[in-house]
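K.L.:
So that we are looking at the same thing, I have put the structure below in structure tokens.
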Amino acid sequence: MAVKAGRAPTGTPVHTAVTDPALVRNVALVGPSGAGKTTLAEMLLARAGAISRAGSVTEGSTVCDHDAAAVRQHRSVGLTLAPLRWRDVTVNLLDTPGYGDFRGELLAGFRAADAALFVLPASEGRDGTLEPGTVTLWEECAGIPRAVVLTRCDSARADIEATVAACRDAFGPGVVPIRLPVRDGAGDLTGLHDLLAVPDGTGPPGADDARSALIEQIIEQSEDEDLLERYLGGEDLPAAALAAGVHTALLRGSFHPVVPVSAAGAAGADELLDLLLSAFPAPAERTPPDPVEPYPAEPGPAALRADPEGPLVAEVVHTGADPYVGRICLVRVFSGTLRPDSAVHVGGPVPTARDGAGVEDPRDEAPRESDERIGRIHSPLGAVLRETGACVAGDLCAVPRLEAAVGDVLSDPAHPVHLAARSRPEPLLPIAVAARDRADEDAVARGLARLVATDPGLRLERDPETHQTVLWCAGEAHADVALGRLRDSGVEVDLEEVRVPLRVTPAGPGRATGRHVKQSGGHGQYAVCHVEFTPGEPGSGLEFSSAVVGGAVPTQYVPSVEKGIRAQLERGLPAAEGEPLHPVVDVVARLVDGKAHSVDSSDAAFQTAGALAVRAAAQVCGLRLLEPVDEVRIRVRDEHLGAVLGDLSARRGKVLATEPDGAGHTDVRAEVPRAELLRHAVDLRSLTAGTGFAARSFARWSERPR
């Protein structure tokens with residue numbers, strides 16, 4: 001029996017391992033949500049014999065959408081691997097989510113893949129334009145060889161010619177059909193006509209013109225001088241010569257052949273699979289990520305090659321969890337061969353520059369280091385794990401029970417290798433969660449820890465000031481998936497309104513007295529201090545000094561006064577009666593006078609007096625309430641700039657700069673109070689039709705209007 005989610009393992013089948021990286025194609029399925037990526041994967045898997053019949057997204061029976069959250073939402077919510085074998089070549093299909101909340105899973109798919117199929121419904125361009133989100137998604141694929149697949153070509157709304165024209169307008173002139181649809185008398189799609197083949201007069205109307213346009217783009221994008229001379233000489237170029245040109249042009253990244261398919265009749269499956277084998281790059285034809293040295297003073301490692309005999313270098317690109325198997329890591333092997341029952345070094349990614357803040361010193365955040373032992377390795381088919389004997393360079397595999405996170409690198413313990421950390425979208429939607437009962441707090445903590453360990457798109461924080469547990473998500477759909485997975489694991493939580501931590505600072509200068517005198521028989525407590533308080537510069541914290549003369553406060557007790565003042569500032573003061581305590585910041589405190597007793601004064605007494613002086617100063621000086629202000633960086637398409645700027649203004653934001661890039665996008669920098677940003681991630685997606693991206697970081701504290 002296979003190991004399957006929700007079912008106890010009772011043994012695993014053996015999957016024949018790939019031995020030659022040239023017989024591997026790693027292909028990501030990319031496209032907007034609802035384009036038919038998962039259905040396309042089912043069609044290809046069924047045609048290749050990897051599954052007995054194609055499943056249905058609406059019925060929840062597909063290989064790729066096996067996750068309970070994907071079944072509930074009827075869309076992909078995570079990266080899924082589905083390998084198939086076609087003409088002795090292993091094609092690893094990587095199904096990626098199309099919805100913007102799961103962009104991190106899309107980027108993980110790019111890391112694992114060598115090329116992509118960009119999937120669009122044939123009806124999207126019928127009005128002459130593509131959706132803005134589709135164009136943004138295409139731009140995210142920059143640098144990856146890709147072809148365009150048009151799905152639902154047999155639907156009543158399909159308009160293949162208009163959609164191809166819209167793609168060419170949006171993506172560039174390299175978008176050209178390589179197959180044309182063939183229809184019967186009723187208009188149903190029955191097959192595809194190969195434009196690479198020498199014309200024999202049997203093609204559909206317009207086939208000759210389409211073939212000429214295709215050949216011209218192949219020659220232009222491949223820059224093949226031999227093909228150009230033969231074409232200009234009037235030769236009917238054979239399919240084999242053109243196929244070689246397609247491969248070269250596709251690898252250069254500017255040529256994107258279009259293939260129409262129909263999942264209902266499986267039309268186009270054979271042609272698409274043949275294209276993956278003939279035109280798409282093998283792992284050795286793509287440049288793997290460069291290894292980096294976490295400590296620059298040491299010599300850097302050599303470049304990687306997709307060589308099964310080379311040093312082992314593999315990366316965890318995705319993690320999942322199974323109630324019986326535990327954590328399952330999806331691993332892409334870039335060099336060497338990963339074998340069962342072998343020792344590996346697990347090294348975390350090396351930090352890189354962050355959001356324009358400059359390159360960080362890697363020593364400030366050293367990568368994780370540990371040695372682990374690999375047990376069995378598997379070739380996953382959706383939720384099914386098929387045991388395999390090895391995973392060579394260029395291939396992908398699943399490793400159960402491996403203590404590793406997304407981005408960790410597996411290498412030879414004798415020669416550890418690190419890779420640079422890849423960029424990930426920042427989760428910007430906070431959700432405050434709390435256990436329904438105190439007895440459930442431990443179970444909630446364990447459930448949240450497991451959730452974050454398997455989803456790097458989440459971030460978990462415990463705010464020490466508001467005492468809230470905050471789960472940061474990419475958006476509402478991402479939050480629904482995360483909370484659904486918690487419920488599936490038997491953990492129930494309540495949602496609370498997210499509270500933003502605040503600060504207070506003196507509103508003006510003043511003099512306050514801290515008097516701590518207690519005498520109840522025996523050794524008493526006596527300390528009096530007079531302190532002048534004034535507002536400090538923003539970000540200055542506490543500036544303490546002493547101007548005591550004549551020994552009114554003995555020298556040994558001056559630090560005690562400062563310690564008491566500092567402790568009370570950290571404990572906080574209420575901005576008004578009945579409000580919670582808020583830490584006090586930006587204070588200049590000057591000890592000017594006081595009194596001491598030769599017997600009853602002590603360090604503790606003067607600490608208490610210093611704290612009392614702070615409390616008294618709140619009445620004398622008054623307090624201003626401060627709120628955190630974040631710097632927000634937004635990248636938006638020019639047509640949405642006005643809506644975004646208006647939204648920032650409505651959030652009490654101050655725009656610092658707008659920088660157009662001349663290519664249809666504008667980068668916006670603004671300062672916005674954090675309290676106004678709690679749902680900004682959701683609203684930005686709505687305002688920009690899913691095309692806007694944002695990041696933010698703390699900027700300063702600013703006075704909060706009453």
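The values are calculated or read from the model by the stated rules, or taken from the named source; none is laboratory data. Remember, predicted model here, so these are calculated numbers, not experimental data. Backbone-built Cβ (ideal geometry, glycine too); neighbour counts: all protein chains shown.
K.L.:
Checking the structure you have, find out if any residue of region 91-105 is at pLDDT 90 or above, in contact with a helix residue (DSSP H, G or I) (Cβ under 9 Å, 6 or more places away or on another chain) and surrounded by fewer than 20 Cβ atoms within 10 Å (Cβ to Cβ).
P.N.:
Checked region 91-105: no residue is at pLDDT 90 or above, in contact with a helix residue (DSSP H, G or I) (Cβ under 9 Å, 6 or more places away or on another chain) and surrounded by fewer than 20 Cβ atoms within 10 Å (Cβ to Cβ).
K.L.:
Ok, one more. Within the set of pairs 6+ apart or on separate chains, which have a first residue in region 122-134 that is farther than 16 Å from GLY692 by Cα, a second that is small (Gly, Ala, Ser) and part of a loop (DSSP other than H, G, I, E, B), and C-beta atoms under 6 Å apart?
P.N.:
Sorted first by the residue in region 122-134, then by its partner, the pairs are ALA122/ALA158; SER123/ALA158.
K.L.:
Right, another one. So ASP184 clears everything in (1) in contact with a Ser or Thr (Cβ under 8 Å, 6 or more places away or on another chain); (2) buried (at least 16 other Cβ atoms within 10 Å of the Cβ) except one condition, right? Which one?
P.N.:
(2)
K.L.:
Taking the residues in region 113-135 that are outside any strand (DSSP E or B) and at pLDDT 95 or above as candidates, determine which candidate is farthest from LEU428 (Cα to Cα). Break it down into steps so the answer makes sense when it comes.
P.N.:
Of all residues in region 113-135, those outside any strand (DSSP E or B) come to 113-114, 122-135.
Then drop every residue that is not at pLDDT 95 or above, which leaves 113-114.
Details: ALA113: 27, ASP114: 30 Å.
Filtering first and then ranking leaves ASP114.
K.L.:
Do we find that ASP683 is in the same structural domain as ILE634 (by TED's automatic domain parsing), exposed (fewer than 15 other Cβ atoms within 10 Å of the Cβ) and out of contact with any Gly (no Cβ under 6 Å at 6 or more places or on another chain) in this structure? Break it down stepwise before answering.
P.N.:
Working: in the same structural domain as ILE634 (by TED's automatic domain parsing): yes; exposed (fewer than 15 other Cβ atoms within 10 Å of the Cβ): no; out of contact with any Gly (no Cβ under 6 Å at 6 or more places or on another chain): yes.
Spelling it out, it is not the case that ASP683 is in the same structural domain as ILE634 (by TED's automatic domain parsing), exposed (fewer than 15 other Cβ atoms within 10 Å of the Cβ) and out of contact with any Gly (no Cβ under 6 Å at 6 or more places or on another chain).
K.L.:
Of all residues in region 377-392, how many are modelled with pLDDT of 90 or more and in contact with a Leu (Cβ under 9 Å, 6 or more places away or on another chain)?
P.N.:
8
K.L.:
Another one. What's the number of the only condition in (1) more than 41 Å from the chain's Cα centre (by Cα); (2) surrounded by 20 or more Cβ atoms within 10 Å (Cβ to Cβ); (3) at pLDDT 95 or above that LEU648 fails to meet?
P.N.:
Every condition holds for LEU648 apart from (1).
K.L.:
Checking the structure you have, find out if any residue of region 190-199 is at pLDDT 85 or above and in contact with a Cys (Cβ under 7 Å, 6 or more places away or on another chain).
P.N.:
no
K.L.:
Moving on. Filter region 452-470 down to the residues that are surrounded by 18 or more Cβ atoms within 10 Å (Cβ to Cβ) and either under 15 Å from the mean Cα position of the chain (by Cα) or assigned to a loop (DSSP other than H, G, I, E, B) (or both) and list them by number.
P.N.:
THR454, ASP455, PRO456, GLY457, LEU458, GLN468
K.L.:
Applying the selection to region 154-170, what residues are hydrophobic (A, V, I, L, M, F, W, C) and crowded, with 20+ Cβ neighbours inside 10 Å? Before the answer, list the steps.
P.N.:
Looking only at region 154-170, we keep the residues that are hydrophobic (A, V, I, L, M, F, W, C), and these are 156, 158, 160, 162, 164-167, 170.
Result: ALA158, VAL164, ALA166, CYS167.
K.L.:
Okay, next question. Quick test of your reading of the structure: ALA643 fulfils all but one of (1) more than 30 Å from SER697 (Cα to Cα); (2) of a type in the set (Gly, Ala, Ser); (3) in contact with a helix residue (DSSP H, G or I) (Cβ under 6 Å, 6 or more places away or on another chain). Name the failing condition by number.
P.N.:
(1)
K.L.:
ALA695 versus (1) surrounded by fewer than 20 Cβ atoms within 10 Å (Cβ to Cβ); (2) in a helix (DSSP H, G or I); (3) among the hydrophobic types (A, V, I, L, M, F, W, C); (4) out of contact with any helix residue (DSSP H, G or I) (no Cβ under 9 Å at 6 or more places or on another chain): which is the lone unmet condition?
P.N.:
(2)
K.L.:
Which residues, counting only those in region 51-84, are small (Gly, Ala, Ser), modelled with pLDDT under 90 and under 26 Å from the mean Cα position of the chain (by Cα)?
P.N.:
Matches in region 51-84: GLY60, ALA68, ALA69, ALA70.
K.L.:
Please go through region 490-508 and give me each residue that is part of a loop (DSSP other than H, G, I, E, B) and loosely packed, with under 14 Cβ neighbours inside 10 Å, ordered by number.
P.N.:
Taking region 490-508 as the starting set, the residues that turn out to be part of a loop (DSSP other than H, G, I, E, B) are 490-492, 497-502, 507-508.
GLY490, GLU497, GLY508, listed by residue number.
K.L.:
Among what's in region 408-425 and is surrounded by fewer than 22 Cβ atoms within 10 Å (Cβ to Cβ) and in contact with a strand residue (DSSP E or B) (Cβ under 7 Å, 6 or more places away or on another chain), pick the residue that is nearest to GLU42 (Cα to Cα).
P.N.:
Per the criteria, the residue is ALA421.
K.L.:
Could you grab me the full set of residues in region 440-451 that are among the hydrophobic types (A, V, I, L, M, F, W, C) and crowded, with 18+ Cβ neighbours inside 10 Å?
P.N.:
Step one: list which residues in region 440-451 are among the hydrophobic types (A, V, I, L, M, F, W, C), which gives 443-445, 448-449, 451.
VAL444, LEU448, LEU451 - these are the residues of region 440-451 that are among the hydrophobic types (A, V, I, L, M, F, W, C) and crowded, with 18+ Cβ neighbours inside 10 Å.
K.L.:
Another question, then. Any idea which residue in region 314-369 is modelled with the lowest pLDDT, counting only those that are surrounded by fewer than 18 Cβ atoms within 10 Å (Cβ to Cβ) and among the basic types (Lys, Arg)?
P.N.:
ARG363
K.L.:
State whether one or more residues within region 550-568 are surrounded by fewer than 16 Cβ atoms within 10 Å (Cβ to Cβ), of a type in the set (Gly, Ala, Ser) and modelled with pLDDT of 95 or more. Walk me through how you get there before you give the answer.
P.N.:
Pass one, region 550-568, residues surrounded by fewer than 16 Cβ atoms within 10 Å (Cβ to Cβ): 550-552, 554-556, 559, 567.
Keeping just the survivors that are of a type in the set (Gly, Ala, Ser) gives 550-552, 567.
Going one step further and asking which of them are modelled with pLDDT of 95 or more, we end up with 567.
Yes: one or more hits.
K.L.:
What pairs can you find where one residue is in region 202-222 and over 16 Å from VAL164 (Cα atoms), the other is among the small types (Gly, Ala, Ser) and surrounded by fewer than 22 Cβ atoms within 10 Å (Cβ to Cβ), and their Cβ atoms are less than 8 Å apart, with a gap of 6+ or different chains?
P.N.:
So the pair list comes out as GLN221/GLY174; GLN221/SER254.
K.L.:
Of (1) of a type in the set (Ser, Thr, Tyr); (2) part of a loop (DSSP other than H, G, I, E, B); (3) over 24 Å from LEU45 (Cα atoms), THR163 satisfies all except one. Which?
P.N.:
THR163 satisfies all of (1) of a type in the set (Ser, Thr, Tyr); (2) part of a loop (DSSP other than H, G, I, E, B); (3) over 24 Å from LEU45 (Cα atoms) except (2).
K.L.:
Further question: Here are some residues: ALA166, ALA210. Which one is of a type in the set (A, V, I, L, M, F, W, C) and not assigned by TED's automatic domain parsing to the domain that holds CYS141? Please lay out each step first, then the result.
P.N.:
Working: ALA166 fails: not assigned by TED's automatic domain parsing to the domain that holds CYS141.
So the residue among ALA166, ALA210 that is of a type in the set (A, V, I, L, M, F, W, C) and not assigned by TED's automatic domain parsing to the domain that holds CYS141 is ALA210.
K.L.:
Quick check, is LEU428 buried (at least 21 other Cβ atoms within 10 Å of the Cβ), within 25 Å of LEU106 (Cα to Cα) and in contact with an Asp or Glu (Cβ under 8 Å, 6 or more places away or on another chain)? Steps first, answer last, please.
P.N.:
Numbers: buried (at least 21 other Cβ atoms within 10 Å of the Cβ): yes; within 25 Å of LEU106 (Cα to Cα): yes; in contact with an Asp or Glu (Cβ under 8 Å, 6 or more places away or on another chain): no.
So LEU428 does not fit the description; no.
K.L.:
Tally time: how many residues in region 155-207 are small (Gly, Ala, Ser) and under 30 Å from ALA663 (Cβ atoms)? Full working, then the answer.
P.N.:
Keep residues of region 155-207 that are small (Gly, Ala, Ser), which gives 155-156, 158, 162, 165-166, 170, 172, 174, 185-187, 191, 197, 201, 203, 206-207.
After this cut, where a residue has to be under 30 Å from ALA663 (Cβ atoms) as well, the list is 162, 165-166, 170, 172, 174.
Within region 155-207, residues that are small (Gly, Ala, Ser) and under 30 Å from ALA663 (Cβ atoms) number 6.
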